[in-house]
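The values are calculated or read from the model by the stated rules, or taken from the named source; none is laboratory data. No experiment lies behind these values; they were computed from the predicted model shown. Don't worry about glycine lacking a Cβ; one is built from the backbone with ideal geometry, like all the others, and counts go over all protein chains shown.
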Amino acid sequence: MYIIKNAIKCIGRAKGRNILIGIIALVIAVSACIGLCIRQAAESARESTLETLSVTATISFDRQSMMSQMGGRGEKPSENGGGGFDKDSFKEMMGQSGSLSLEEYQTYAKADSVSDFYYTLSASLNGSENFEPVSTDSSDTDSTSGGNSAPSMPGGFGGGMGGGRGQMMGAQSDFSIVGFSGDNAMTAFSSDGTASITDGAVFDEGTENYDCIITEELATFNEIAVGDAIEFTNPNNEDEAYTFTVVGIYTDTAANQDAFSFMGATSTDSANKIYTSYAALKKIVDASEASAVTKTDEDTDREYTTELSSNISATYVFENTDDYYQFEEDVRDLGLDEKYSVSSADLKAFENSMLPLETLSTMAGYFLLVILIIGAIILVVLNILTVRERKYEIGVLTAMGMKKAKVALQFLTEIFVVTLAAVIVGAVIGGVCASPVANALLENQVTSQSSQMQQIDKNFGRDQNFGGGKGGFSGGEMTPPDDLEIPEGMLGGAAEYITEINSAMNITVVLQLLGIAVLLTLVAGLVSMLFVMRYDPLKILSNRD
Amino acid sequence: MAVLSLKNVCFSYGKTPVLQDVSYDFEKGKMYCIVGKSGAGKTTLLSILSGLAEASSGSIMYNDKDIKKIDKYKFRSKYIGVIFQSYNLLTKFTALENVVLSMEIAGVKKIKKAEKALELLESVGLDEDEANRRVLKLSGGQQQRVAIARALSYDAEIILADEPTGNLDADTQREIMEIFRSLAESGKCVILVSHSAEVASMCDECYELKRIIQKNIKRK
């Protein structure tokens, strides 16, 4: 007990020295507090967002993985044919693989980790004389009225370019029609969605009737009202026509963010998106398959089919990220081939939104480390000087019968009390400064990140979305299977970064600061202890005499 | 019966012998003086007696127990009170704090240590105001008194004093010696180290340390 009393007395008697140590400890504490707060804020933001994040995932063909498995690393094939990338084999594999069937999707939906499951069927159809797509290209209108080809894509399938068995249809048709398995699949119309009905109502769930809803723009453009009939034709066979009834007109605020409009294909313009039920669209696809005719091009010897091209995609919903990661394992157990991969646009978007904060958190971690190392070195040096300065005191105390260990403990207590006081003051200052400092730094990070993105967009001459999921489809070969399931804003161009954090000063940060104080005290005190233990009282006192 | 006895104690600094076969007995209730010329090893002997230095050979018995078998910190803090020539007080502490700290190191159980310390300081001639003054602001004689009070604070049986009157004027010297006399009369063993004949004359017994003349073989 007297050691503590003595230590406190000694602190008061060497104010100058202890204030100096205190200031250094204070600087370390404030810096450490801000650093820890930033890290804590990042962690809290991550945890709280992940807790509330409803994760959705899709299964898609892992083209990149297949290419790398096939040795496609950019090597040029050798003369004997070895090495390099085998384009023919790859094309063949792509043709064989394609997307999964609905039955397969449903099998994977049986995994325990899945909380909800829905799917969509997409197809591309052309309009008719009285029903034309909305297009910004003035040349579209005249040629589209023919009903066979998409004028904005000269040389499209109907125009004689002849893609491969309808696979390129989506890029050259007038309309993109999506059939939803149920109301839950229409995420754009959910409470936090971007779309809403302005007239009429959404078609009945699961109906086989040819009911559809169209965009306000499309309705205005063609002077269509609820209850009117619209006619579509198969782009591969103009004689194959289907008549739908417009039961609702909708508007979508995210419409202008569609990254696919750059392709110039009218079907990719969100104004030309028509929604119906899965059952209705499936009926059309089946009918088209039944009446399909296969032709062979005499010049290229390639086969073409008039079958309506369609694509099915499924979305799995999970309650949390753990379930999502579990699902990745479950689908493999349920037999999903390695050629397919599970991905979540929500998680990617979340990771993107966290990017500036995570970067700041990492920087804060390094900053903290540097501060601690430099701070510890300064404190050690100061303590060595202090102990040398107090050599006589050590000699007297040990000559009086105080054990060296107790003398060292007293010195340690002094450092700890000073450091603790500095940490308490530092925690208060740091707690107050953490939010503004962190937000200012975060703003810089966001600005820097946004500038990079803007520069990329500028370089591309259009919106580009790296890592957001859509970039993978920029080749325009097929309609992305999950374009409608991904919440708007998550993929549409620039990421929505976390731009502000609240003060993350909590018990964890306080405990961490306390840990730092103890660590610094121990590091600095250990050196003091070594010096104290080394001193011989007789030598000290004799030399003084 | 001797409270402290030295048997054939030798000590050397490296190869230089300082003490050789020193055998003394010290009893309670007596005042001893160890005299000798400069360099005779008086202070060295005091360091050995106080446990700050260890004899090269021979034994030192405290109440018939070899002090090597006693914890040296415990020996210094409880059984022996040392008054150093340069006082060795904690200069940033007050006189009172120096005495109280000494009691705390010794583990004195008294609750009112400050009162006891004040009494001791008064007994050696320091009033309350002086007791609460920082040591550095006290005169040499006052510091000597603080050192004596500190040595008495834990009621040690043996009091060792190195040149206790060396820096003091005649009156103070006399007063200090009277304090030592009264301590001896109260039953303590007081051992003074001095080269002063006057101090020696006031003690009950004197031991003279002779300087060891080292033969220089090479020169021979």
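Could you tell me how many of the residues in the stretch A:187-235 are polar (S, T, N, Q) and over 25 Å from A:Tyr118 (Cβ atoms)? Walk me through how you get there before you give the answer.
Applying the first criterion (polar (S, T, N, Q)) to the stretch A:187-235 yields A:187, A:190-191, A:194, A:196, A:198, A:207, A:209, A:215, A:220, A:222, A:233-234.
In the following step, the residues that additionally are over 25 Å from A:Tyr118 (Cβ atoms) were identified as A:220, A:222, A:233-234.
Total meeting the criteria: 4.
Quick check on the stretch A:509-518. Is at least one of its residues within 17 Å of A:Gln410 (Cα to Cα), more than 14 Å from chain B (Cβ to nearest Cβ) and modelled with pLDDT under 85? Quick ask: steps written out before the conclusion?
Residues of the stretch A:509-518 that are within 17 Å of A:Gln410 (Cα to Cα), as a first pass: A:517-518.
Going one step further and asking which of them are more than 14 Å from chain B (Cβ to nearest Cβ), we end up with A:517-518.
Filter again for modelled with pLDDT under 85, leaving A:517.
Yes, because at least one residue in the stretch A:509-518 is within 17 Å of A:Gln410 (Cα to Cα), more than 14 Å from chain B (Cβ to nearest Cβ) and modelled with pLDDT under 85.
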Report summary line: Log entry, pairs with first residue in the stretch A:9-35 being under 15 Å from A:Gly426 (Cβ atoms), second being among the hydroxyl-bearing types (Ser, Thr, Tyr), beta carbons closer than 7 Å, six or more apart or on different chains, reads A:Ala25/A:Thr419
Query raised in the report: Where residues in the stretch A:15-45 are surrounded by fewer than 18 Cβ atoms within 10 Å (Cβ to Cβ) and among the aliphatic types (A, V, I, L, M), which of them is nearest to B:Val108 (Cα to Cα)?
Result: A:Ile19
Report summary line: Scanning the stretch B:109-125 residue by residue, those over 20 Å from the mean Cα position of the chain (by Cα) and either surrounded by 22 or more Cβ atoms within 10 Å (Cβ to Cβ) or within 14 Å of another protein chain (Cβ to nearest Cβ) (or both) turn out to be B:Lys109, B:Lys110, B:Ile111, B:Lys113, B:Ala114
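Is it the case, given these coordinates, that A:Ala290 is hydrophobic (A, V, I, L, M, F, W, C), modelled with pLDDT of 85 or more, surrounded by fewer than 18 Cβ atoms within 10 Å (Cβ to Cβ) and more than 29 Å from the chain's Cα centre (by Cα)? Break it down into steps so the answer makes sense when it comes.
Working: hydrophobic (A, V, I, L, M, F, W, C): yes; modelled with pLDDT of 85 or more: yes; surrounded by fewer than 18 Cβ atoms within 10 Å (Cβ to Cβ): yes; more than 29 Å from the chain's Cα centre (by Cα): yes.
Yes, satisfied.
Of the residues that sit in the stretch A:519-545 and are polar (S, T, N, Q) and within 14 Å of chain B (Cβ to nearest Cβ), which one is farthest from B:Tyr87 (Cα to Cα)?
First, the residues of the stretch A:519-545 that are polar (S, T, N, Q): A:521, A:528, A:542-543.
So of that shortlist, the ones also within 14 Å of chain B (Cβ to nearest Cβ) come out as A:542-543.
Numbers: A:Ser542: 12, A:Asn543: 14 Å.
Ranking the candidates gives A:Asn543 first.
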**Report entry** B:Leu136 vs. criteria closer than 26 Å to A:Glu393 by Cα, surrounded by fewer than 17 Cβ atoms within 10 Å (Cβ to Cβ) and over 14 Å from the mean Cα position of the chain (by Cα)
**Finding:** yes
Query raised in the report: Looking only at the stretch A:8-44, which residues are in a helix (DSSP H, G or I) and within 12 Å of chain B (Cβ to nearest Cβ)?
Result: A:Lys9, A:Cys10, A:Ile11, A:Gly12, A:Arg13, A:Lys15, A:Arg17
Report summary line: Sole miss for B:Ala131 among (1) modelled with pLDDT of 90 or more; (2) farther than 29 Å from B:Thr44 by Cβ; (3) surrounded by 19 or more Cβ atoms within 10 Å (Cβ to Cβ); (4) within 14 Å of chain A (Cβ to nearest Cβ) is condition (4)
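Of a type in the set (Ser, Thr, Tyr), buried (at least 18 other Cβ atoms within 10 Å of the Cβ) and assigned to a helix (DSSP H, G or I): is that true of A:Thr447 in this structure?
Numbers: of a type in the set (Ser, Thr, Tyr): yes; buried (at least 18 other Cβ atoms within 10 Å of the Cβ): no; assigned to a helix (DSSP H, G or I): yes.
Criteria not met by A:Thr447.
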Requested in this report: Of all residues in the stretch B:78-118, count the ones that are assigned to a helix (DSSP H, G or I) and out of contact with any helix residue (DSSP H, G or I) (no Cβ under 9 Å at 6 or more places or on another chain).
Outcome: 1
Query raised in the report: Hey, B:Leu52 hits all of (1) modelled with pLDDT of 90 or more; (2) within 14 Å of another protein chain (Cβ to nearest Cβ) but one; which does it fall short on?
Result: (1)
Query raised in the report: Limited to the stretch A:380-401, what total is found for residues that are facing another protein chain (nearest Cβ under 10 Å) and over 15 Å from A:Met533 (Cα atoms)?
Result: 1
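Can you find even one residue in the stretch A:327-335 that is of a type in the set (Asp, Glu), more than 22 Å from A:Asp192 (Cβ to Cβ) and part of a loop (DSSP other than H, G, I, E, B)? Quick ask: steps written out before the conclusion?
Residues of the stretch A:327-335 of a type in the set (Asp, Glu): A:328-330, A:333.
Remaining after also requiring more than 22 Å from A:Asp192 (Cβ to Cβ): A:328-330, A:333.
So of that shortlist, the ones also part of a loop (DSSP other than H, G, I, E, B) come out as none.
No: the stretch A:327-335 contains no residue that is of a type in the set (Asp, Glu), more than 22 Å from A:Asp192 (Cβ to Cβ) and part of a loop (DSSP other than H, G, I, E, B).
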Requested in this report: Would you check which residues across the stretch B:37-61 are outside any loop (DSSP other than H, G, I, E, B) and surrounded by fewer than 19 Cβ atoms within 10 Å (Cβ to Cβ) and list them?
Outcome: B:Ser57, B:Gly58, B:Ser59, B:Met61
Report task. Output the residues belonging to the stretch B:75-108 that are at the interface with chain A (Cβ under 8 Å from one of its Cβ atoms), buried (at least 24 other Cβ atoms within 10 Å of the Cβ), small (Gly, Ala, Ser) and free of Cβ contacts under 8 Å to residues at least 60 places away in the same chain. Result -> B:Ser102
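Within the stretch A:364-379, restricting attention to residues that are of a type outside the set (Ser, Thr, Tyr) and free of Cβ contacts under 8 Å to residues at least 24 places away in the same chain, which residue is nearest to the other protein chains (Cβ to nearest Cβ)?
Here is the first cut: in the stretch A:364-379, the ones of a type outside the set (Ser, Thr, Tyr) are A:364-365, A:367-379.
Right, trim to free of Cβ contacts under 8 Å to residues at least 24 places away in the same chain and you get A:369-370, A:373-374, A:377.
Working: A:Leu369: 38, A:Val370: 36, A:Ile373: 33, A:Ile374: 31, A:Ile377: 28 Å.
Residue satisfying both the conditions and the ranking: A:Ile377.
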**Report entry** Number of the exception - B:Lys7 against (1) surrounded by fewer than 22 Cβ atoms within 10 Å (Cβ to Cβ); (2) not in a strand (DSSP E or B)
**Finding:** (2)
**Report entry** Among (1) modelled with pLDDT under 90; (2) in a strand (DSSP E or B); (3) of a type in the set (Lys, Arg), the one test that B:Lys68 misses
**Finding:** (2)
